[in-house]
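Down below is the structure, laid out as C-alpha cells.
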Amino acid sequence: EAEICSAEDLYAAAEESFFSYSFLESVTATGAERLEGFLFPDTYYFYEGMSAKSAINKFLTNMHYLITADMLKQAENLGMTWKDVIVVASLIEKETSGSQEDRANIACVIYNRLAANMPLQIDAAVLYDHPGHSGAPTAEMLEEDSPHNTYTRLGLPETAISNPGLESIQAALKPNTAKYYYYALDTATGEHRFFTNYSEQAAFVATQSYGE
C-alpha cells in the first residue's frame, strides 16, 4: 500500500533470496514461511521502490543485533538452536498477551511436554495453516497431517507461527521451572492457570464459559 515493493516480490524474495545470517542456518523450511519468526516487530523506515530483498534484510539485521552472546548461551544450555527458540517464542506470542510470568509458565509447559514426548496440542499452531478461520480449530483441523499440527505430530512445528516480540523470546530462553503440563485461560483475569495433571485442568475448564 505504501509502494515500497509489491507483495508478490516480497514473498518471492522471502522464498528465494539468500540471507547470510548464522541464525538461519538451522532453518529447514523452503517456502516463504522459512523466515517466519525472524522478522522482528519494530518501527522501521523504508523508501519507495526499495527492493524486496533489502526490505526483508532490514528485519533480519534487526534480529541479528538483538541476539546477544548471553542469549546464545542460554539457548545452548537448553539444547536448542536459535530457530528453536524463535519457534517456541512464536507459540508463546500467540498464546498470551499477558504478564511475563504468564509467558514464562507457558514456556515451562512447552518444554515439559517436549521432554515427556507429549504432543504440544497448541491450537494457535494448528490455526497457522488456516489464516481465514475464526474461533477454535475444528475437529477436522485437529486431525490434519501438517508440519504445524501439534496434535498429530510430536515436537515443535517446522516454522514459527508468528514474529515474536522480545518478551516472548526472553520467556523462551528463561522458562519457569515447575512441573506444569497443562494450562487454561482464566476468563476473570485474562491470564492462564497452570496445572500438573489433566484432571485438575479439566475441573478448572468446567468452571469457565469460553466463547459464551
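The values are calculated or read from the model by the stated rules, or taken from the named source; none is laboratory data. The structure displayed is predicted, hence computed values, not measured ones. In this analysis, Cβ positions are derived from the backbone assuming ideal geometry, glycine residues included, and neighbour counts consider all displayed protein chains. We work out accessible area using only protein heavy atoms, side chains counted, and drop any ligands, DNA or RNA first. Shrake-Rupley method; radii C 1.70, N 1.55, O 1.52, S 1.80 Å.
Pairs of Cα atoms nearer than 8 Å and 6+ residues apart set the relative contact order; for the range 10-101 it is 32 percent. Other residues lying with their Cβ under 13 Å from the Cβ of Met80 contribute a combined charge of +1, Lys and Arg counting +1, Asp and Glu -1.
In the chain, the longest principal axis of the Cα atoms and the axis of helix 52-66 are about 60 degrees apart. Local charge sum around Ile92 (other residues, Cβ-Cβ under 14 Å, Lys/Arg +1, Asp/Glu -1)? Within the 14 Å Cβ shell, the charges total -4. Label the range 100-171 by shape, choosing from rounded, prolate and oblate, from the square roots a ≥ b ≥ c of the eigenvalues of the Cα gyration tensor; if a/c is under 1.5 it is rounded, and otherwise prolate applies when a/b is larger than b/c, oblate when it is not. Taking the square roots of the gyration eigenvalues as a ≥ b ≥ c, the range 100-171 is oblate.
Lys174 contributes an accessible area of around 130 Å² to the protein surface, as traced by a 1.4 Å probe with all chains present. Neighbours of Phe46 by Cβ distance under 14 Å: Lys/Arg scored +1, Asp/Glu scored -1, total -3.
Loop-located chymotrypsin sites (Phe, Trp or Tyr not before Pro) across the range 120-210 with a Cβ neighbour count of 10 or fewer within 10 Å are Tyr210, with loop assigned by DSSP. Centre-to-centre, using Cα atoms only, the range 1-51 and the range 83-100 are separated by 20 Å. Here is the list for the range 136-212: trypsin sites (Lys or Arg not before Pro) lying in DSSP coil, each with at most 12 other C-beta atoms within 10 angstrom of its C-beta, are Lys179. Computed from the alpha carbon atoms alone, the convex hull of the range 62-110 holds 91 Å³ per residue.
Loop-located chymotrypsin sites (Phe, Trp or Tyr not before Pro) across the range 1-64 with a Cβ neighbour count of 10 or fewer within 10 Å are Phe18, Tyr45, Tyr47, with loop assigned by DSSP. Determine which lysines satisfy two conditions relative to Lys174: a Cα distance under 29 Å, and not lying fewer than 8 residues away in the same chain. Of all the lysines, those that pass the test against Lys174 - Cα under 29 Å, at least 8 places apart if same chain - are Lys58, Lys73, Lys83, Lys94.
Entry note, the chain: the mean residue ellipticity at 222 nm calculated from DSSP H runs of n ≥ 4, each adding -39500 (n - 2.57), is -12500 deg cm²/dmol after division by the residues and rounding to the nearest 500.
Counting only protein heavy atoms and a 1.4 Å probe, the chain has 54 square angstrom of accessible area per residue. Computed from the coordinates I sent, mean projected area of the Cα convex hull in nm² equals one of (1) 14.4; (2) 11.3; (3) 13.0. Tell me the label. Here mean projected area of the Cα convex hull in nm² agrees with entry (3).
From the alpha carbon centroid of the range 58-79 to that of the range 167-212 is 27 Å. The mean sequence distance of close C-alpha pairs (under 8 Å, at least 6 residues apart), as a share of the length of the chain, puts its relative contact order at 22 percent. Restricting the calculation to Cα atoms, every distinct pair contributes to the Kirkwood radius of the range 1-77, found to be 13.5 Å. For the range 41-50, backbone phi angles converted through the Karplus equation (6.51, -1.76, 1.60; θ = phi - 60°) give residue-by-residue couplings of x, 6, 8, 10, 10, 10, 10, 4, x, 5 Hz, Gly and Pro being listed as x.
Across the range 80-167, the relative contact order, built from alpha-carbon pairs under 8 Å that are at least six residues apart, equals 38 percent.
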